[in-house]
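See structure below.
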Amino acid sequence: MEWKIDPAHSYIDFKVRYLVSGISGKFTGVTGKVQTTDGSESPAPELLGFDARFEVASFNTGVPPRDHHVTGPDFLDAAAHPEAVVRMVEVRPDVPGRYLLTVELTLHGVSHQVELATATAGPATDIFGITRIGASASGWLRRSDFGVTEYLGFISDAVDFTVEVQAVPDDVPDDRLPPAR
(Lines give C-alpha, C1' and ligand atoms only; values in the text may rest on other atoms or scores of the structure.)
Protein backbone atom coordinates (compact mmCIF):
# COMPACT_ATOMS: atom_id res chain seq x y z
CA MET A 1 0.00 0.00 0.00
CA GLU A 2 1.20 3.51 -0.79
CA TRP A 3 1.06 6.23 1.89
CA LYS A 4 2.07 9.89 1.80
CA ILE A 5 3.85 11.55 4.68
CA ASP A 6 1.79 14.23 6.41
CA PRO A 7 4.22 17.18 6.77
CA ALA A 8 2.13 18.85 9.49
CA HIS A 9 2.69 15.81 11.73
CA SER A 10 6.22 14.78 10.77
CA TYR A 11 9.64 16.15 11.78
CA ILE A 12 13.26 15.31 12.55
CA ASP A 13 14.70 16.09 15.98
CA PHE A 14 18.47 16.29 16.37
CA LYS A 15 21.03 16.83 19.10
CA VAL A 16 24.69 17.73 18.83
CA ARG A 17 27.21 18.40 21.60
CA TYR A 18 28.70 21.90 21.73
CA LEU A 19 31.66 22.01 24.14
CA VAL A 20 30.08 20.63 27.35
CA SER A 21 26.34 20.53 26.67
CA GLY A 22 23.89 19.46 24.00
CA ILE A 23 22.10 21.68 21.54
CA SER A 24 18.91 20.31 20.05
CA GLY A 25 16.56 21.38 17.34
CA LYS A 26 14.25 20.27 14.60
CA PHE A 27 13.71 20.06 10.86
CA THR A 28 10.02 20.33 9.90
CA GLY A 29 7.93 19.82 6.80
CA VAL A 30 9.02 16.27 6.06
CA THR A 31 7.33 14.97 2.88
CA GLY A 32 7.50 11.76 0.89
CA LYS A 33 6.07 8.28 0.47
CA VAL A 34 5.89 5.12 2.59
CA GLN A 35 5.19 1.65 1.22
CA THR A 36 3.69 -1.12 3.35
CA THR A 37 1.92 -4.41 2.91
CA ASP A 38 -1.86 -4.00 2.91
CA GLY A 39 -2.08 -5.46 6.43
CA SER A 40 -4.44 -8.27 5.44
CA GLU A 41 -2.05 -10.99 6.63
CA SER A 42 -1.25 -9.45 10.03
CA PRO A 43 -2.85 -6.99 12.47
CA ALA A 44 -0.59 -4.18 11.19
CA PRO A 45 0.95 -3.46 7.80
CA GLU A 46 4.64 -4.29 7.41
CA LEU A 47 7.11 -1.65 6.29
CA LEU A 48 8.44 -2.20 2.77
CA GLY A 49 10.07 1.12 1.94
CA PHE A 50 10.08 4.89 2.09
CA ASP A 51 11.42 7.99 0.40
CA ALA A 52 11.38 11.26 2.33
CA ARG A 53 12.74 14.76 1.95
CA PHE A 54 12.93 17.92 4.01
CA GLU A 55 13.91 21.53 3.48
CA VAL A 56 17.30 22.30 5.07
CA ALA A 57 16.16 25.89 5.74
CA SER A 58 13.54 24.52 8.18
CA PHE A 59 16.42 23.98 10.68
CA ASN A 60 15.32 25.45 14.02
CA THR A 61 17.04 25.47 17.41
CA GLY A 62 14.96 28.35 18.76
CA VAL A 63 17.90 30.77 18.36
CA PRO A 64 17.48 32.54 14.99
CA PRO A 65 21.10 33.84 14.68
CA ARG A 66 22.43 30.29 15.28
CA ASP A 67 19.89 28.82 12.84
CA HIS A 68 20.97 31.34 10.18
CA HIS A 69 24.64 30.49 10.77
CA VAL A 70 24.07 26.72 10.58
CA THR A 71 21.99 26.96 7.39
CA GLY A 72 24.66 29.25 5.89
CA PRO A 73 27.86 28.34 4.03
CA ASP A 74 29.86 27.35 7.16
CA PHE A 75 27.64 24.33 7.79
CA LEU A 76 24.61 23.09 5.80
CA ASP A 77 24.67 25.72 3.02
CA ALA A 78 20.92 25.67 2.40
CA ALA A 79 21.29 28.05 -0.57
CA ALA A 80 23.43 25.50 -2.46
CA HIS A 81 21.78 22.38 -1.01
CA PRO A 82 18.17 23.32 -0.17
CA GLU A 83 16.79 19.80 0.23
CA ALA A 84 17.90 16.66 2.05
CA VAL A 85 16.70 13.25 0.85
CA VAL A 86 16.31 9.97 2.77
CA ARG A 87 15.78 6.76 0.76
CA MET A 88 15.45 3.31 2.25
CA VAL A 89 18.08 0.87 0.97
CA GLU A 90 17.30 -2.15 3.14
CA VAL A 91 14.76 -3.16 5.79
CA ARG A 92 15.37 -5.99 8.22
CA PRO A 93 12.48 -7.05 10.50
CA ASP A 94 13.50 -7.24 14.14
CA VAL A 95 10.55 -8.00 16.42
CA PRO A 96 6.90 -7.28 15.42
CA GLY A 97 6.53 -3.58 14.70
CA ARG A 98 10.30 -2.93 14.83
CA TYR A 99 12.82 -2.81 12.02
CA LEU A 100 16.49 -2.16 11.42
CA LEU A 101 16.90 0.06 8.39
CA THR A 102 19.73 1.11 6.17
CA VAL A 103 18.95 4.41 4.49
CA GLU A 104 20.83 6.60 2.06
CA LEU A 105 20.84 10.18 3.32
CA THR A 106 21.78 12.94 0.90
CA LEU A 107 22.71 16.06 2.85
CA HIS A 108 24.97 18.95 1.90
CA GLY A 109 25.29 17.41 -1.57
CA VAL A 110 26.80 14.16 -0.23
CA SER A 111 25.09 10.74 -0.03
CA HIS A 112 26.01 8.32 2.74
CA GLN A 113 24.35 5.28 4.30
CA VAL A 114 23.02 5.52 7.86
CA GLU A 115 21.57 2.80 10.12
CA LEU A 116 18.26 3.39 11.92
CA ALA A 117 16.26 1.51 14.53
CA THR A 118 12.57 1.97 13.70
CA ALA A 119 9.26 1.26 15.43
CA THR A 120 5.95 1.47 13.59
CA ALA A 121 2.43 2.12 14.85
CA GLY A 122 -1.06 1.85 13.43
CA PRO A 123 -3.11 1.89 11.51
CA ALA A 124 -5.38 4.18 13.50
CA THR A 125 -8.21 6.50 12.46
CA ASP A 126 -8.05 10.15 13.50
CA ILE A 127 -11.01 12.33 14.54
CA PHE A 128 -11.51 13.36 10.89
CA GLY A 129 -11.93 9.73 9.76
CA ILE A 130 -8.51 9.55 8.09
CA THR A 131 -6.48 6.36 8.53
CA ARG A 132 -2.89 6.95 9.64
CA ILE A 133 0.24 4.95 10.22
CA GLY A 134 3.29 6.16 12.10
CA ALA A 135 6.95 5.46 12.55
CA SER A 136 9.72 6.59 14.86
CA ALA A 137 13.29 6.04 13.74
CA SER A 138 16.47 6.90 15.58
CA GLY A 139 20.14 6.85 14.74
CA TRP A 140 23.24 8.96 14.52
CA LEU A 141 25.58 10.21 11.86
CA ARG A 142 28.99 11.79 11.52
CA ARG A 143 28.57 15.25 10.08
CA SER A 144 32.06 14.98 8.60
CA ASP A 145 30.79 12.12 6.39
CA PHE A 146 28.67 14.80 4.67
CA GLY A 147 31.47 17.34 4.33
CA VAL A 148 30.29 19.45 7.29
CA THR A 149 33.57 19.85 9.19
CA GLU A 150 33.53 23.42 10.50
CA TYR A 151 34.43 23.74 14.21
CA LEU A 152 35.19 20.04 14.79
CA GLY A 153 36.49 19.79 18.33
CA PHE A 154 34.13 22.48 19.59
CA ILE A 155 31.05 20.91 18.05
CA SER A 156 30.91 17.12 18.05
CA ASP A 157 31.13 15.17 14.83
CA ALA A 158 28.32 12.85 16.02
CA VAL A 159 24.73 14.03 15.56
CA ASP A 160 21.94 12.02 17.21
CA PHE A 161 18.54 12.25 15.56
CA THR A 162 15.00 10.92 15.71
CA VAL A 163 12.52 10.93 12.83
CA GLU A 164 8.80 11.05 13.66
CA VAL A 165 6.45 10.39 10.73
CA GLN A 166 2.70 10.11 10.28
CA ALA A 167 1.41 9.02 6.90
CA VAL A 168 -2.04 8.79 5.32
CA PRO A 169 -3.25 6.79 2.32
CA ASP A 170 -1.86 8.25 -0.89
CA ASP A 171 -5.34 8.99 -2.26
CA VAL A 172 -6.32 11.35 0.61
CA PRO A 173 -6.44 14.87 -0.92
CA ASP A 174 -4.01 17.34 0.66
CA ASP A 175 -6.83 19.80 1.38
CA ARG A 176 -8.50 17.14 3.54
CA LEU A 177 -5.50 16.88 5.90
CA PRO A 178 -6.06 18.90 9.05
CA PRO A 179 -3.36 21.35 10.16
CA ALA A 180 -1.06 20.50 13.05
CA ARG A 181 -2.56 21.27 16.44
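List of remarks:
- Accessible surface of the chain, 1.4 Å probe, proportion on carbon and sulfur as whole %: 55 percent
- Annotation: per residue accessible area for the range 14-101 equals 57 Å², rounded to a whole number [probe 1.4 Å, protein chains only].
- Per residue solvent-accessible surface (Å²) - the range 115-177, probe of 1.4 Å: 52 Å²
- The figure for ASP38 is an accessible area of roughly 110 square angstrom, using a 1.4 Å probe on the protein chains alone.
- The helix-based estimate of mean residue ellipticity at 222 nm for the chain, built from -39,500 (n - 2.57) per DSSP H run of four or more residues and divided by its residue count, is -1000 deg cm²/dmol to the nearest 500.
- Rounded to the nearest 10 square angstrom, HIS112 shows an accessible area of 70 square angstrom against a 1.4 Å probe.
- Probe 1.4 Å - accessible area at GLU83, Å² to nearest ten: 70 Å²
- The distance between label points at THR37 and SER24 comes to 3.5 nm (points 7 Å beyond Cα on the Cα→Cβ vector).
The values are calculated or read from the model by the stated rules, or taken from the named source; none is laboratory data. A quick note: this is a predicted structure, and the numbers were derived from the prediction, not measured. Every residue, glycine among them, receives a Cβ derived from its backbone with ideal geometry; neighbour counts consider all protein chains shown. The area values use the complete protein model at the heavy-atom level, side chains included, leaving out ligands, DNA and RNA. Shrake-Rupley method; radii C 1.70, N 1.55, O 1.52, S 1.80 Å.
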